[in-house]
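Notes for the one structure printed next.
Any read-out appearing in this document is the output of simple, stated calculations on the displayed coordinates, not a laboratory observation. Here the structure is a predicted model, which means the values were calculated and not measured. Ideal geometry is used to build each Cβ from the backbone, glycine not excepted, and the neighbour counts take in all protein chains shown.
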Ligand SMILES: [Zn+2]
């Protein structure tokens, strides 16, 4: 960086469109890619499962309020329950596999699927939240619970 350019703040890397279908498409791409919803940066997970508290590039705090990721857990429970059940019913109806074979296939699937989908339920929860509530609340407002009070 040259000396005459002003130094960029971490927040200046946030380039999420303010509204509309561009915003949703951007959020969807970033959720699938396990990237920061605000700047698209990779590396927001410490390892496969654990999300860092803040984006290392734009400093966006991922849990916007206390208990923020409860919705992500709900997504995980919903899809982890729904996907194996639908596949099991389809396999039971359309294949000749014995019940024991279906158990051998679907019990490991029911164990592994929540682990595999866990990071995606977090990124998809951020997609849903930032689509429904696009307001950029300051962290101070969020932490003090003042975001719904009149200014
Ligand atoms: Zn970021």
Degrees, to the nearest 10: 99-132 long Cα axis against longest axis of the chain: 20 degrees
Fewest-first ranking of 7, 66, using other Cβ atoms within 10 Å as the exposure measure: 7, 66
The chain: angle of helix 70-94 to the longest principal axis, Cα-based, in degrees nearest 10: 30 degrees
Principal-axis tilt of helix 20-32 within the chain, Cα atoms, nearest 10 degrees: 60 degrees
For segment 10-142: rounded, prolate or oblate by the Cα gyration tensor [a/c cutoff 1.5]: prolate
Difference of contour (0.36 nm per residue) and Cα-Cα distance, residue 103 to residue 21: 25.3 nm
Peptide ranges 86-93, 28-35, 55-62, 118-125 listed from the most packed, as the mean C-beta count within 10 angstrom indicates: 118-125, 55-62, 28-35, 86-93
